[in-house]
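The structure appears right after this line, and notes come after that.
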Amino acid sequence: MLSRLMSGSSRSLEREYSCTVRLLDDSEYTCTIQRDAKGQYLFDLLCHHLNLLEKDYFGIRFVDPDKQRHWLEFTKSVVKQLRSQPPFTMCFRVKFYPADPAALKEEITRYLVFLQIKRDLYHGRLLCKTSDAALLAAYILQAEIGDYDPGKHPEGYSSKFQFFPKHSEKLEKKIAEIHKTELSGQTPATSELNFLRKAQTLETYGVDPHPCKDVSGNAAFLAFTPFGFVVLQGNKRVHFIKCILFASFTAAIHWAGGFKDFSTITPKPLSWNEVTKLKFEGKTFYLYVSQKEEKKIILTYFAPTPEACKHLWKCGIENQAFYKLEKSSQVRTVSSSNLFFKGSRFRYR
């Protein structure tokens, strides 16, 4: 009898798992979850810990044993999704960047988005010209140390902060100059808000790049933003048409209205209203586009692995639903292919 009770107690303990979630300020939140706990439960614990009400912009990211990144699905078991040995480690991140961060209602929400974009700048995801980089860094400096004080801030004080993957001494001096002469009197909240307003005007605001290749073998990054779909090559955003010139099932473009000269078009994102369908099969990702004058395009890209391609597809489905649909009731179950449901079925919630 005693052995049965001890055995049952042991099984009960085995159903509890330790989770560590790294937050945007690099602190960590640790909790214990039951074996059958859903992603929503863990997310709600985090939001309560952060006193976060505007939850929809955020998510929990993890990396599986094959080094593939994923967003935690809230309707599924945490343990089954991670497929790794406990203790579990995940990251709390912005999943959907607000189109206008200044319109966020809660200061804590704006602060968390500020921290995310600050990370994007540091990791090289938010690309900008030198003058913009200096201004953004100066806003960070003002938010963190306040007004310039010659008694506290000796020559080269801005070099103690790392705003970018790498930067020059000339840029450091420009950052310090802006901080000294232009931002005096701004509170941390005001500096963070000005930082957000500037960041949202940049081409790569909200970009989470997915590595891939086009059908000619050129390396590129695909990304989804609040405004649509973009393609990055090197450190520049290219017009999506440039990458379509080889695209479709037969490595050609299907135009209902014929070809057009795009040599004079300025690079811009492909808006969510123009995207009619997203699909993947194996490592191949298809994006269907319908433009004005009934022009129809099929873009084709190749992800490094089938798992990476599925992740790209799911991110596309979720971003389109978040930014395009007005009501959750409009969201429908989608499949990656209509051919024998080959691929995956998925519903964004």
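The values are calculated or read from the model by the stated rules, or taken from the named source; none is laboratory data. Remember, predicted model here, so these are calculated numbers, not experimental data. Cβ placement follows ideal geometry from the backbone for every residue including glycine, while neighbour counts extend to all protein chains displayed. We work out accessible area using only protein heavy atoms, side chains counted, and drop any ligands, DNA or RNA first. Shrake-Rupley method; radii C 1.70, N 1.55, O 1.52, S 1.80 Å.
What does the highest-first list of 225-234, 169-178 look like by mean Cβ count within 10 Å?
The most tightly packed comes first, giving 225-234, 169-178.
If packing is taken as the mean number of other Cβ atoms within 10 Å per residue, what is the order of 79-92, 151-164, highest first?
Final packing ranking: 79-92, 151-164.
Tell me, what ³J(HN,Hα) does each residue in segment 128-136 have, in order and in whole Hz, if you take phi through Karplus 6.51 cos²θ - 1.76 cosθ + 1.60 with θ = phi - 60° and put x for Gly and Pro?
Once rounded to whole Hz, the list reads 7, 6, 4, 5, 5, 4, 5, 5, 4.
Using amide H atoms built 1.01 Å from N in the peptide plane, name the residues 5+ places from residue 277, or on other chains, whose amide H lies under 5 Å from its own.
Answer set, sorted by chain and number: 288.
Take peptides 297-304, 38-45, 216-223 and line them up by average Cβ neighbours within 10 Å, highest first, as a rough protection proxy.
297-304, 38-45, 216-223
Give me the dipole magnitude in Debye, nearest 20, for segment 38-83 about the Cα centre, with unit charges on the beta carbon: positive for Lys and Arg, negative for Asp and Glu.
So the dipole magnitude of segment 38-83 works out to roughly 220 debye.
For residue 204, what residues show an amide H to amide H distance below 5 Å, using hydrogens built from the backbone and excluding near sequence neighbours?
127
Checking the cross-link filter: which aspartates and glutamates have an alpha carbon closer than 20 Å to that of residue 279, excluding same-chain neighbours under 8 positions apart?
By straight Cα distance, residue 279 reaches 73, 208, 214, 307, 318.
Roughly to the nearest percent, how much of the accessible area of segment 26-120 is carbon and sulfur, given a 1.4 Å probe?
It is 47 percent, rounded to a whole number.
Taking the Cα centre of segment 70-148 as origin and charging only Cβ (+1 Lys, Arg; -1 Asp, Glu), how large is the dipole, in debye to the nearest 20?
540 debye
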